[in-house]
Amino acid sequence: MRLIGLIFTLLAGCGQLSAGSNDFSQFRWTNADDRFGGLSGLDISDDGTSFTAIGDRGIFVTGQIVRGVDGHISSITNTVVKPLLPPRGSKTPDSEGIAIGAGGDIYVSVEAKHRILAFDSLDARPRTLPRHPDFVGMQANSSLEALAIDADGTLYTIPERSGRATRPFPVYRFKDGDWDIPFSIPRRGHFLVAGADIGPDGRLYILERHFTGLGFQSRVRRFDMSGGSEVTLIETTNRTHDNLEGISVWTSPTGLRMTLISDDNFKVFQRTELVEYAISN
């Protein structure tokens, strides 16, 4: 454990961007609450000043974002950590993705039991949405990692793995009470799906990561809502960032911006960080 931690420390910060915008910032986030950590999903308010995050040990985290004159994050205030209530009779879920609808409904994607939970509020017990038949056969720790919602309240979820290196990632859509697969996105290289969001521009943003053995590479690709018009916005080299798993796209005073959050896996040699990139094209 100490050797691994030393290796991660020595490599930290040595990564660089291999593509995409150079307009980015990083904020390392710490909190004294023992439950804090493992953050795997993120929703940023339309103006970039507040957030709701989710942790993979069944927590919600909310707070306010303070920004400097350059627009970069300078601090996080009014942080609240609260448990995610499971459905009655169930254990705390392995919560991965979060999506919040225009009316305030909260949706959470879950691994292991492969399902989507719907909450009326952060303090409510959820209901379980119907499952697509494919969910049953998904890998225990590689299923519904990414979750997004569009302006009409339609949900989209994507598994971390597609089942084969040459098989595209299926995009599952929940609309009018039924599931379908309207399109897939190509699987390129070693990257696996970590998060998703539908931006104010109505396009689908996919966060992916690749564990190299000594750190993480991150990539964000953007698609139209038919799975076409693929653009790679960023692709980092090893250890540019930590284990980025959540993505939220919003409109800053200078244009579209994406905020990414890392899952520290509750390891002392990893970190929780918020990373932001301007979207220039």
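Counting only DSSP beta bridges with both residues in the chain, the antiparallel share comes to about 100 percent.
Shape summary: region 56-96 maps onto an equivalent ellipsoid whose semi-axes, from the alpha-carbon gyration tensor, are 32, 9, 5 Å in decreasing order.
Which of the peptides 63-70, 147-154, 218-225, 242-249 is most tightly packed, and how do the rest follow, judged by the mean count of other Cβ atoms within 10 Å per residue? Mind dumping the intermediate values first?
On the way: 63-70: 12.9, 147-154: 17.9, 218-225: 20.5, 242-249: 27.0.
My ranking of the peptides, most packed first, is 242-249, 218-225, 147-154, 63-70.
Expected output is a single nm value to one decimal: the length gained when fully extending between THR77 and ARG35, i.e. 0.36 nm times separation in residues minus the C-alpha distance. What is it?
Numbers: separation 42, 0.36 × 42 = 15.12 nm, distance 1.69 nm.
Once the chain is fully extended between THR77 and ARG35, it gains 13.4 nm.
Computed over all pairs of different Cα atoms, the Kirkwood value for the hydrodynamic radius of region 116-165 is 12.6 Å. Between ASN281 and ARG88, what's the calculated FRET efficiency when r is the beta-carbon distance and R0 is 45 Å? Round to 0.05. The computed FRET efficiency comes out at 0.45.
What is the dipole size for the chain, taken about its Cα centre, with +1 at each Lys and Arg Cβ and -1 at each Asp and Glu Cβ, in debye to the nearest 20?
880 debye
Take the convex hull of the alpha carbons in the chain; its mean projected area over all directions comes to 14.3 nm². Here the gap between ASP47 and VAL231, fully extended at 0.36 nm per residue and compared with their Cα-Cα distance, gives a gain of 63.8 nm. How large is the direction-averaged shadow of the alpha-carbon convex hull of region 179-227, in nm²? So the mean shadow area of the Cα hull is 4.0 nm². In this simple spin-label model, placing a label point 7 Å from the Cα along the Cα-to-Cβ direction at both ASP224 and VAL268 gives a separation of 5.2 nm.
Extension gain, LYS175 to ALA140: 0.36 nm times the residue separation minus the Cα-Cα distance gives 10.1 nm. When peptides 36-42, 193-199, 271-277, 23-29 are ranked by their average number of other Cβ atoms within 10 Å per residue, the highest-first order is 193-199, 36-42, 271-277, 23-29.
Heavy-atom accessible area per residue, the chain, 1.4 Å probe: how many Å²?
For the chain, the solvent-accessible area averages 44 Å² per residue.
Computed 3J(HN,Hα) for region 167-181, one whole-Hz value per residue from the Karplus formula 6.51 cos²θ - 1.76 cosθ + 1.60 where θ = phi - 60°, is 9, x, 7, x, 9, 8, 10, 10, 9, 6, x, 10, 9, 8, 10, glycine and proline marked x. Note on THR166 and ASP123: the model spin-label points, each 7 Å out from Cα along the C-beta direction, lie 5.5 nm apart. Within the chain, what whole-number % of the accessible surface is contributed by carbon and sulfur, with the 1.4 Å probe and all protein chains included in the calculation? In the chain, the share of accessible area belonging to carbon and sulfur is 49 percent. Using 1/(1 + (r/R0)^6) with R0 = 22 angstrom and r between the beta carbons of ASP105 and SER252, what's the FRET efficiency to the nearest 0.05? About 0.30, to the nearest 0.05.
With +1 assigned to the C-beta of every Lys and Arg and -1 to the C-beta of every Asp and Glu, and no other charges, what is the dipole magnitude of region 154-281 about the Cα centre in debye, to the nearest 20?
Values: 16 positive and 16 negative charges, 87 e Å.
Dipole about the Cα centre, nearest 20: 420 debye.
The values are calculated or read from the model by the stated rules, or taken from the named source; none is laboratory data. Computed from a predicted structure; not experimentally measured. When we count neighbours, we look across all protein chains shown, and the Cβ atoms used for this are built from the backbone with ideal geometry, even at glycine. We work out accessible area using only protein heavy atoms, side chains counted, and drop any ligands, DNA or RNA first. Shrake-Rupley method; radii C 1.70, N 1.55, O 1.52, S 1.80 Å.
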